[in-house]
Amino acid sequence: MINKQIQASQHKEPCDLVITNAVIVDVFNHTLIHDHDVAIQDGMIVGIDHSYIGKNVVDAKGKILVPGLIDAHVHIESSMMTPRHFSDALVTRGVTTAITDPHEIANVMGEKGIAFMIDESEKADADLYTMLPSSVPSTPFETAGATLTAKDLAPFFTHPSVLGLAEVMDSPAVASADFDMLEKIQLAKDTNKMIDGHGAGLSIETLNAYRTAGIQTDHECVTADEARARIQRGFYVMLREGSVAKDVINLLSAVTKANSHRFMFCTDDKHPDDLLNEGSIDHNIRLAIKQGLDPITAIQLATINPATHFGLKTKGAIAPGYEATFLLTENLEDFQPDEVFIHGEKRAENGALVGNSSYSVTLPEDMVETVKIQNVTKDRFSIPMNGLTKANVIEVNSNSLITNHLVETVQIDHEGHFQPSTQNDQLLLAVVERHGKNGGIGLGIVKGLGLKQGAIATTIAHDSHNIIAVGTTIEDIVKAVHAIAQDQGGLTVVANDEITSCPLPCGGLMGNVPVKEAAARLDSLHDALKKTGCTTAFNPFLTLSFLALPVIPSLKLTDKGLFDMKEMKHIDVQVEE
């Protein structure tokens, strides 16, 4: 094969495919190449020159030829689709490679979940690489469905699609040199694999510890100063634009000509409706260019930078020896992928897949029986105020994972319990353990979701994925929780005594339908959501899904109770006056 490629590269043999009349993005010299053909043999680029002879010829008609895009960090489960359907959604957007972290399903199903995601990813058109979950459970402050030690992860490190250890989010374990965490990090080092970070709210001291431990990236920056601090310490920084966390605009000022090679784009978490309507990494590119980033620099962040960092030696560029995986677009400013090629074959055109994309995904039986609740009765959802009138309250921020810690006066019912108040926007929040471990229920108060009636609930509750529910009454919350259990996971709205659900039976996180059908189900759910009168400033379900994540500042709720991330401990809802 190599002999044939070498012959074709020198015009001695006809090529399988030649792209003519394209403007080529040169990510190495930060320029555009005009009036050259791109020669392709056996799915690889073998030459950039004039007058190649091809068995097949594609006239690009002046369109710009861009390397296939790379998402540097994403959780497939957040798309609510299994890997193959997720891949289909990416490819139509010109994203042909993704570095995935099956952290979500691993918290539910452990090794079985990881194996399922790897096996399904191998069947996808896009190249879906895996970073192994480092923190299952993410912290000891919640109940997950599984526990993964270094010994459990070790067999996966030999798989060719496994690139390393995924986001290390247990910062106390790193800072204290916890044996199990260091064992996982050392395992990655011993196998010459990469190590991703998760540096949300970390001090400079802890960032130093992270780099000392060998952690190489961070996607949790929310300010340009945070990005600069990480670049100074040798991190690669991922500019994230997902469905909840939208950080690209805030971070772009940190990107300079001198340091741009240390930045990458990622989505982290993206819902199917956003993938369908907004896009993936192509959206990051458009957004960055609109904010003033040089278009070719934006392309570099989405191609050669992540390819270089993750050691994907044949990806990220249009050059001999690189895969013939690319997209064609009319212009860089609007950046709409018109045609997408993978290994020299057209796989998408004008936003639709080319060829037969109908198939079925068989879900293992144990992956559709994961919601196991215990003794969920009305009496377990009352918060006794013990004669006090002030409480610790979680305040959500629009399009941010970070919450505020408030102390507010709350209403008390005639039995001395917290009384939800739509007038004060103080709602009851509950996290119900759903893995059949202990049946625990954590209770708290949340402000900022704005429900006027009813309740919403979901099994997408990072990172342990217990059931999280919020409502204006205990009765509606209990209805929502039981509806979720009946569906074996998903999202549910209770409004006007009606229940509307979007079932996600695969681990309580994923459905088994393509992106358009997944998005349509969400549309129905959002219509029902409007009946609750909740905020329209952001997606309440997306925000709700991160209110159980205790590694993000400031105040969160787990099945074990209210958690103060700054103090790194559970605290009472009630506040002594």
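Below are the figures for this structure:
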{"read-out": "Output for the stretch 382-403, where each listed residue is on the phi < 0 side of the Ramachandran plot and in a loop (DSSP other than H, G, I, E, B)", "value": "382, 383, 385, 388, 389, 396, 397, 398, 400, 401, 402, 403"}
{"read-out": "Wholly enclosed strands (runs of 3 or more DSSP E) of the stretch 421-476 bearing at least 3 residues at pLDDT 95 or above, closer than 23 Å to residue 570 by Cβ and not assigned by TED's automatic domain parsing to the domain that holds residue 140", "value": "427-432, 441-447, 467-471"}
{"read-out": "Entirely in the stretch 59-113, the strands (runs of 3 or more DSSP E) that have 2 or more residues that are closer than 25 Å to residue 148 by Cα", "value": "69-74, 95-100"}
{"read-out": "Test set (1) surrounded by 19 or more Cβ atoms within 10 Å (Cβ to Cβ); (2) within 22 Å of residue 304 (Cβ to Cβ) - residue 8 fails condition number", "value": "(2)"}
{"read-out": "Test: residue 561 is touching a helix residue (DSSP H, G or I) at 6+ places or on another chain (Cβ under 7 Å) and small (Gly, Ala, Ser)", "value": "no"}
{"read-out": "Counted residues, the stretch 529-548 - those being more than 22 Å from the chain's Cα centre (by Cα) and buried (at least 22 other Cβ atoms within 10 Å of the Cβ)", "value": "3"}
{"read-out": "Candidates 168, 136, 162, filtered to the one that is crowded, with 24+ Cβ neighbours inside 10 Å and touching a Leu at 6+ places or on another chain (Cβ under 8 Å)", "value": "136"}
{"read-out": "Meets criteria (of a type in the set (Gly, Ala, Ser) and closer than 30 Å to residue 389 by Cβ) for residue 518", "value": "no"}
{"read-out": "Residue match in the stretch 354-371 (condition: among the hydrophobic types (A, V, I, L, M, F, W, C), surrounded by 23 or more Cβ atoms within 10 Å (Cβ to Cβ) and more than 30 Å from residue 434 (Cα to Cα))", "value": "no"}
{"read-out": "Every residue from the stretch 489-511 that is part of a loop (DSSP other than H, G, I, E, B), out of contact with any His (no Cβ under 7 Å at 6 or more places or on another chain) and aliphatic (A, V, I, L, M)", "value": "504"}
{"read-out": "Some residue of the stretch 268-279 being touching a residue at least 40 places away in the same chain (Cβ under 8 Å), crowded, with 24+ Cβ neighbours inside 10 Å, of a type in the set (A, V, I, L, M, F, W, C) and under 30 Å from residue 521 (Cα atoms)", "value": "yes"}
{"read-out": "Matching entry among 32, 90, 69 (being at pLDDT 95 or above, in contact with a helix residue (DSSP H, G or I) (Cβ under 9 Å, 6 or more places away or on another chain), surrounded by fewer than 17 Cβ atoms within 10 Å (Cβ to Cβ) and on the phi < 0 side of the Ramachandran plot)", "value": "32"}
{"read-out": "Residue match in the stretch 294-302 (condition: hydrophobic (A, V, I, L, M, F, W, C), in contact with a Gly (Cβ under 6 Å, 6 or more places away or on another chain) and on the phi < 0 side of the Ramachandran plot)", "value": "no"}
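Matching residues to (1) surrounded by 13 or more Cβ atoms within 10 Å (Cβ to Cβ); (2) in a loop (DSSP other than H, G, I, E, B):
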{"position": "151", "(1), (2)": "no, no"}
{"position": "172", "(1), (2)": "yes, no"}
{"position": "195", "(1), (2)": "yes, no"}
{"position": "202", "(1), (2)": "yes, yes"}
{"position": "205", "(1), (2)": "no, no"}
{"position": "208", "(1), (2)": "yes, no"}
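The values are calculated or read from the model by the stated rules, or taken from the named source; none is laboratory data. Computed from a prediction, not measured in an experiment: that's the story for all the values here. Cβ: placed from backbone, ideal geometry, glycine included. Neighbour counts: every protein chain shown.
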